[in-house]
Structures are given as C-alpha cells and as structure tokens.
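**Student:** Before I ask anything, here is the structure I am working with.
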Amino acid sequence: MTVAVEGATVIREHQGFYYNVVVYKKRCGSCRYSAPKNSFAVAALPCDTYDIKVFACPSCDDRQAVRIQLGIGEEVAAFMSTE
C-alpha cells in the first residue's frame, strides 16, 4: 500500500516478492493539472521508494517532482524477515 504520494495520483498497485509496480497519473501541485494518460514505475525490493523523474507541467510550466513511497505488504515483509 502506498503511504506517501507527491505529484501523482495512484491508480493501482501490484506488490510482488521481488518487484512492486505502481500505475499513476502525474499531477501538478500548483495548478492541480492531471495528465490524461497513465504512467507506471517499478521498484525492486527491498527498496521502499519508486525512482520517478521530475516533469514540467504543461498547464503552468511548474517543475513537479513525483515521489511515491510504499508500505511493504505483510506477506512480503514476513518473507523478507525470514531470509
């Protein structure tokens, strides 16, 4: 489950044992512009953040960082603690 989001709206998320994938829409914090198309990011475990680049808002030209931090699911956390 995603625990913190900046510059994006999470559409859906899939947590696996080796990789997590999140589908999101870019969102400007200044003017509330929301991108018409979905984007996605992949994070390899045990990382807890997605590596997402900065985008320039086409509506107000503001540079917006996208930061998504995840909470690892209980089943994945239990698996990782037994290694």
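**Student:** Residue-wise, which Karplus ³J(HN,Hα) couplings in Hz belong to region 28-43, taking 6.51 cos²θ - 1.76 cosθ + 1.60, θ = phi - 60°, and x for glycine or proline?
**Tutor:** For region 28-43, the Karplus curve yields 7, x, 7, 10, 6, 4, 10, 5, x, 10, 7, 10, 9, 9, 10, 10 Hz.
**Student:** Which FRET efficiency value, to the nearest 0.05, do you get for residue 56 and residue 17 by plugging their Cβ-Cβ distance into 1/(1 + (r/R0)^6) with R0 = 35 Å? Provide the component values of the computation, followed by the final result.
**Tutor:** Details: r = 36 Å, r/R0 = 1.02.
Approximately 0.45, to the nearest 0.05.
**Student:** What is the set of long-range amide H partners of residue 33 at a cut-off below 5 Å, with H atoms built 1.01 Å from backbone N?
**Tutor:** 28
**Student:** Could you give the nm distance between label points at residue 44 and residue 65, where each point is 7 Å from its Cα heading toward the beta carbon?
**Tutor:** If labels sit at residue 44 and residue 65, their model points lie 2.3 nm apart.
Every number in this text was worked out from the coordinates using simple rules, so none of it is lab data. All values reported here derive from a predicted model rather than from experimental measurement. Positions of Cβ are backbone-derived with ideal geometry, glycine not excepted, and every protein chain shown enters the neighbour counts.
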